[in-house]
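Asks: Have a look at this one.
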Amino acid sequence: MEVVIRPNAEAAADLVARVIAQELRSNPRLVMGLATGNTMEAVYARLVRMHGKEGLDFSACGRSTLMNMSACQTIMSILTGTT
């Protein structure tokens, strides 16, 4: 695993959005786990902007390949009996 330190949250969001876009372009059927909460809003805003300006295409990522990570955490808690 590579750890990348950026000077601020904006720079980090830019980098994360670029990495996601690059992976999505190389694999349109990419399976993505989407984190919830405020932390990722800047990244998602950048991805939306890339969709509009650059044509970043999410159409091959159907409901079966996108998972809300809060839901995943809840499911795992139910399965493991933890909270």
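Read-outs throughout are calculated quantities, based only on the coordinates presented, and are distinct from any laboratory measurement. In this text, all values refer to a predicted model and were calculated from it rather than measured experimentally. A quick note on method: Cβ atoms are made from the backbone with ideal geometry, for glycine too, and the neighbour counts reach across all protein chains shown.
Asks: Would you kindly derive the ³J(HN,Hα) couplings of region 26-36 from the backbone phi angles with the Karplus curve 6.51 cos²θ - 1.76 cosθ + 1.60 (θ = phi - 60°), listing them in order in whole Hz, with x for Gly and Pro?
Replies: 7, 9, x, 9, 3, 8, 10, x, 9, 6, 9
Asks: Ranked by Cβ crowding within 10 angstrom, fewest neighbours first, how are VAL48, VAL16, VAL43, VAL3 ordered? All intermediate terms of the calculation are to be shown ahead of the outcome.
Replies: On the way: VAL48 13, VAL16 18, VAL43 21, VAL3 4.
Going from least to most buried by this count: VAL3, VAL48, VAL16, VAL43.
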